[in-house]
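See structure below.
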Amino acid sequence: MSHDHDHHDNELDPFAARVRALETILTRKGLIDPAAIDVIVDTYETKVGPRNGARVVAKAWADPEFAAWLKRDATAAIGSLGYTGRQGEHMQAVFNTKDTHNLVVCTLCSCYPWSVLGLPPVWYKAPPYRSRAVIDPRGVLEEFGLTLPTTKKIRVWDSTAELRYLVVPMRPEGAEGWSEERLADLVTRDAMIGTALAREPA
């Protein structure tokens, strides 16, 4: 994350631009340390973030008993791996199948399970995604580059302050016998929101 903010950030949305301007002012006044902000952002993006969820999914793929627990009580199963905390107190795991693809949205604001997915992407919070994911989920997925068979049902889950969702994508073929660590490399943040599939094994 660069902190050379003297140029105009024309590519930023108004909210992000305000945050960037505030950060610049506070940095110049010596009230915040840009390096400390980078550490916090990195923590949420790579440690608290999607890597945690990827490990949950990988364990579900590799361990049928854990998968059953995750279906039954996702909050407890995820908590057993140490992933608890902000906006992850009440979780439900929804499993993709050959017949059904799951997609998560928050139509009211941007409820999102930080403990397993990190910081929500900008598009997740944007009004177009929040409204269209419910009205035209197949069209939204196609805009993300995911075209599903017309025979596959798409189920949309609306996150709330009381309950947040984690999509468990289908395990791709060709990864049989892989360790959980290798399997986790196939799981992306977008796959756990439902706007993508798991990566194919290289």
Which of the residues belonging to segment 148-194 are touching a strand residue (DSSP E or B) at 6+ places or on another chain (Cβ under 7 Å) and among the hydroxyl-bearing types (Ser, Thr, Tyr)? SER159, TYR165
Take LEU117 and decide whether it is within 23 Å of ALA60 (Cβ to Cβ) and of a type outside the set (Val, Ile, Thr). yes
Do you know which residues across segment 1-36 are under 25 Å from ASP190 (Cβ atoms) and either of a type in the set (Val, Ile, Thr) or at pLDDT 80 or above (or both)? VAL19
Scanning segment 143-169 residue by residue, those open to solvent by less than 80 Å² (accessible area, probe 1.4 Å), assigned to a loop (DSSP other than H, G, I, E, B) and touching a residue at least 12 places away in the same chain (Cβ under 8 Å) turn out to be PHE144, GLY145, LEU146, LEU148, LYS152, SER159, THR160, ALA161, LEU163, PRO169
Just checking, which of ARG132, ARG182 is of a type in the set (Lys, Arg) and touching a helix residue (DSSP H, G or I) at 6+ places or on another chain (Cβ under 6 Å)? ARG132
Count of segment 108-137 residues which are open to solvent by 70 Å² or more (accessible area, probe 1.4 Å) and more than 21 Å from GLY53 (Cβ to Cβ): 6
Which of (1) open to solvent by less than 60 Å² (accessible area, probe 1.4 Å); (2) small (Gly, Ala, Ser); (3) at pLDDT below 70 is the odd one out, the single condition ALA76 does not satisfy? (3)
Test each condition in (1) at pLDDT 80 or above; (2) in the same structural domain as VAL167 (by TED's automatic domain parsing); (3) on the phi < 0 side of the Ramachandran plot for GLU89 and report the one that comes out false. (1)
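The values are calculated or read from the model by the stated rules, or taken from the named source; none is laboratory data. In this text the structure is predicted, and so the values were computed from the model without any measurement. Positions of Cβ are backbone-derived with ideal geometry, glycine not excepted, and every protein chain shown enters the neighbour counts. Calculation scope for accessible area: heavy atoms of the full protein, side chains included, ligands and nucleic acids excluded. Shrake-Rupley method; radii C 1.70, N 1.55, O 1.52, S 1.80 Å.
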